[in-house]
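Data block below; observations after.
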Amino acid sequence: MKKGDLSEQDLIQALRLHANTDQIEKVKIAIMERKGDISFCN
């Protein structure tokens, strides 16, 4: 998260918007894409 200048709040916001959850425990992998988007694998 430090390398991508991403805060925990940024990650939780992306979870709500893209993975329809705010529970980080449900995510196995979070990937920061080249364009800056975050993809999640449950």
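None of the figures in this text is laboratory data; all of them are computed from the coordinates on show. This one's a predicted model, so the numbers in the text were calculated from it and none came from an experiment. Here the Cβ positions follow ideal geometry from the backbone for every residue, glycine too, while neighbour counts run over all protein chains shown.
Restricting the trypsin sites (Lys or Arg not before Pro) of the chain to loop positions (DSSP other than H, G, I, E, B) with no more than 10 neighbouring Cβ atoms within 10 Å leaves Lys2, Lys3, Lys28, Arg34, Lys35.
Length gain on complete extension for the stretch Cys41 to Gln13, per 0.36 nm per residue less the alpha carbon to alpha carbon distance? Please list the in-between numbers first.
Working: separation 28, 0.36 × 28 = 10.08 nm, distance 1.56 nm.
Taking Cys41 through Gln13 to full extension adds about 8.5 nm, to one decimal.
Neighbour counts of C-beta atoms inside 10 Å place Leu17, Leu6 in the sequence Leu17, Leu6, starting with the fewest. For the chain, GluC sites (Glu not before Pro) meeting the loop criterion (DSSP other than H, G, I, E, B) and having at most 14 other Cβ atoms within 10 Å: Glu33.
Tell me, Kirkwood radius of the chain from alpha-carbon pair distances, in Å? Don't jump to the answer; show the numbers that get you there.
Values: mean 1/r = 0.0969 Å⁻¹.
So the Kirkwood estimate lands at 10.3 Å.
With contacts taken as Cα pairs under 8 Å and at least 6 residues apart, the chain reaches a relative contact order of 30 percent.
Net charge around Leu15, counting only other residues with Cβ within less than 13 Å of its Cβ (Lys, Arg = +1; Asp, Glu = -1)? Could you put the intermediate results ahead of the total?
Working: positive: Arg16, Lys26, Lys28; negative: Glu8, Asp10, Asp22, Glu25, Asp37.
Taking every other residue near Leu15 into account, the sum is -2.
Rounded to the nearest 20, the Cβ-based charge dipole of the chain about its Cα centre (Lys and Arg +1, Asp and Glu -1) stands at 160 debye.
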